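Structure record follows, encoded as structure tokens.
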Amino acid sequence: MNQVRKQAAGIDVAKEELVVSFSTLAEDGTITHLSCRSFPNTEKGFAALVKTSRQVFEPEKPMHYIMEATGVYYEALAYYLHKASLLV
């Protein structure tokens, strides 16, 4: 059976919007795109992103948030995830 090894939310950061691609990496190296969603670049949007991640991904598997450092627009999300112990 081809087990999921990693789960990642790839985040494209803009001033007002986060575009997120949810994907998994299996043991055999296969990448599966699960979904793509947009969230506002606000604290409510951050909470919705985390909630969606928990619904899309398997809770017992490692989950990663990957984002680009676009000017200062990524900082609030990075601090939010770090404070929630989701980003180290």
In the stretch 1-11, the residues that are of a type outside the set (A, V, I, L, M, F, W, C) and under 15 Å from SER53 (Cα atoms)
LYS6, GLN7, GLY10
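Which residue, of LEU81, LEU49, LEU77, is touching a helix residue (DSSP H, G or I) at 6+ places or on another chain (Cβ under 6 Å), in a helix (DSSP H, G or I) and of a type in the set (A, V, I, L, M)?
Exactly one residue qualifies, and that residue is LEU77.
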Could you look through the stretch 13-23, keep only residues that are touching a Leu at 6+ places or on another chain (Cβ under 7 Å) and not aliphatic (A, V, I, L, M), and pick out the one that is surrounded by the most Cβ atoms within 10 Å (Cβ to Cβ)?
PHE22
For the subset of the stretch 46-70 comprising residues that are without any contact (Cβ under 8 Å) to a residue 40 or more places away in the chain and not hydrophobic (A, V, I, L, M, F, W, C), which member is farthest from LEU18 (Cα to Cα)?
GLU60
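Residue-wise test of (1) closer than 19 Å to SER85 by Cα; (2) loosely packed, with under 15 Cβ neighbours inside 10 Å; (3) aromatic (Phe, Trp, Tyr).
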{"site": "GLN3", "(1), (2), (3)": "no, yes, no"}
{"site": "ILE11", "(1), (2), (3)": "yes, no, no"}
{"site": "LEU25", "(1), (2), (3)": "no, no, no"}
{"site": "GLY29", "(1), (2), (3)": "no, yes, no"}
{"site": "CYS36", "(1), (2), (3)": "no, yes, no"}
{"site": "LYS51", "(1), (2), (3)": "yes, yes, no"}
{"site": "LYS61", "(1), (2), (3)": "yes, yes, no"}
{"site": "TYR65", "(1), (2), (3)": "yes, no, yes"}
Residues of the stretch 67-88 satisfying the condition of being closer than 30 Å to ASN2 by Cα and open to solvent by 60 Å² or more (accessible area, probe 1.4 Å)
GLU68, SER85, VAL88
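Going by the conditions given, is GLU43 more than 16 Å from GLU17 (Cβ to Cβ) and in contact (Cβ under 8 Å) with a residue 12 or more places away in the chain? Reasoning before the result, please.
On the way: more than 16 Å from GLU17 (Cβ to Cβ): no; in contact (Cβ under 8 Å) with a residue 12 or more places away in the chain: yes.
Answer is no for this residue.
Residue by residue through the stretch 53-64, note down the ones that are within 17 Å of ALA78 (Cα to Cα) and part of a helix (DSSP H, G or I).
We begin by selecting, within the stretch 53-64, every residue within 17 Å of ALA78 (Cα to Cα); these are 53, 63-64.
Answer for the stretch 53-64, where residues must be within 17 Å of ALA78 (Cα to Cα) and part of a helix (DSSP H, G or I): just SER53.
The values are calculated or read from the model by the stated rules, or taken from the named source; none is laboratory data. This one's a predicted model, so the numbers in the text were calculated from it and none came from an experiment. As a convention, Cβ positions derive from the backbone with ideal geometry for all residues, glycine included, and neighbour counts pool all protein chains shown. In case anyone asks, the SASA skips ligands and DNA or RNA and just uses the protein heavy atoms, side chains included. Shrake-Rupley method; radii C 1.70, N 1.55, O 1.52, S 1.80 Å.
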